[in-house]
1. Please go through region 17-69 and pick out each residue that is without any contact (Cβ under 8 Å) to a residue 24 or more places away in the chain, assigned to a helix (DSSP H, G or I) and hydroxyl-bearing (Ser, Thr, Tyr).
2. Would you be able to say whether some residue in region 4-13 is among the charged types (D, E, K, R), touching a residue at least 12 places away in the same chain (Cβ under 8 Å) and part of a helix (DSSP H, G or I)?
3. Residue pairs, Cβ under 7 Å, 6 or more apart or interchain, first in region 89-107 and under 15 Å from residue 36 (Cα atoms) and open to solvent by 40 Å² or more (accessible area, probe 1.4 Å), second more than 14 Å from ligand 2 (Cβ to nearest atom) and of a type outside the set (Gly, Ala, Ser). List them.
4. Over 30 Å from residue 14 (Cα atoms) and among the acidic types (Asp, Glu): is that true of residue 77 in this structure?
5. Out of all the residues in region 9-35, which are surrounded by 14 or more Cβ atoms within 10 Å (Cβ to Cβ) and among the β-branched types (Val, Ile, Thr)?
6. Quick one: residue 80 ticks every box in (1) more than 10 Å from ligand 2 (Cβ to nearest atom); (2) in contact with a strand residue (DSSP E or B) (Cβ under 8 Å, 6 or more places away or on another chain) except a single one, so which number is it?
Amino acid sequence: MISMMLNEIFERHNLRLTKPRQQVFDILRNSDVPLTVGDIAKNCKNINRASIYRTLLMFDNLNIINTITIGWKNYYELAEPFIPHHHHLYCINCQNAEPIQSQELEKLIDLIGKKHNFIVTKHHFELEGICEKCRHIIENK
Ligand SMILES: [Zn+2]
Ligand SMILES: [Zn+2]
Ligand SMILES: [Zn+2]
């Protein structure tokens, strides 16, 4: 099902779904957390980093992935319709990115767009901080 969707997107744009492109997609698909280019490179040593970057850029333009910027680092993960829309609570201590879904947030973004007569096509929202698990560790020190 998911592979079919990917094929369709590539066909619609007259692009070839090459093996390396499929490979980068599969790595993202099999991950529960957003990945850096380094994480992806570790899992596909046959593809050089420049090609991975180009593939990610292409995926981003095709709305196949979301690029999440936390601090100075870019993380990548599949976008809708491959996975449900969500945001992250990023822990600066353990570097875990906890997915969150918030109707309040989505409603607010919609409202802000309308208020400014602005058609919102994409939005980014990430929270950085200390997760519950790490807070306990820090407090007990
Ligand atoms: Zn943590
Ligand atoms: Zn995520
Ligand atoms: Zn959102």
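1. Passing the criteria: only 53.
2. For region 4-13, residues among the charged types (D, E, K, R), touching a residue at least 12 places away in the same chain (Cβ under 8 Å) and part of a helix (DSSP H, G or I): absent.
3. From residues that are under 15 Å from residue 36 (Cα atoms) and open to solvent by 40 Å² or more (accessible area, probe 1.4 Å), the pairs are 96/131.
4. no
5. 9, 24, 27
6. Result: residue 80 fails condition (2) only.
Residues are listed down the side, and each one gets a yes or a no for (1) within 16 Å of ligand 3 (Cβ to nearest atom); (2) closer than 18 Å to residue 99 by Cβ:
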position: 28; (1), (2): no, yes
position: 32; (1), (2): no, yes
position: 42; (1), (2): no, no
position: 53; (1), (2): no, no
position: 57; (1), (2): no, no
position: 61; (1), (2): no, no
position: 65; (1), (2): yes, yes
position: 69; (1), (2): yes, yes
position: 73; (1), (2): no, yes
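Every residue, every condition in (1) of a type in the set (Phe, Trp, Tyr); (2) away from ligand 1 (no atom under 16 Å from the Cβ), yes or no:
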| residue | (1), (2) |
| --- | --- |
| 43 | no, yes |
| 53 | yes, yes |
| 81 | no, yes |
| 87 | no, yes |
| 92 | no, no |
| 100 | no, no |
| 111 | no, yes |
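The values are calculated or read from the model by the stated rules, or taken from the named source; none is laboratory data. Because the structure is predicted, anything quoted here is derived from the model rather than measured. Cβ atoms come from the backbone with ideal geometry, glycine included; neighbour counts cover every protein chain shown. Side chains included, ligands, DNA and RNA excluded: accessible areas come from the protein's heavy atoms. Shrake-Rupley method; radii C 1.70, N 1.55, O 1.52, S 1.80 Å.
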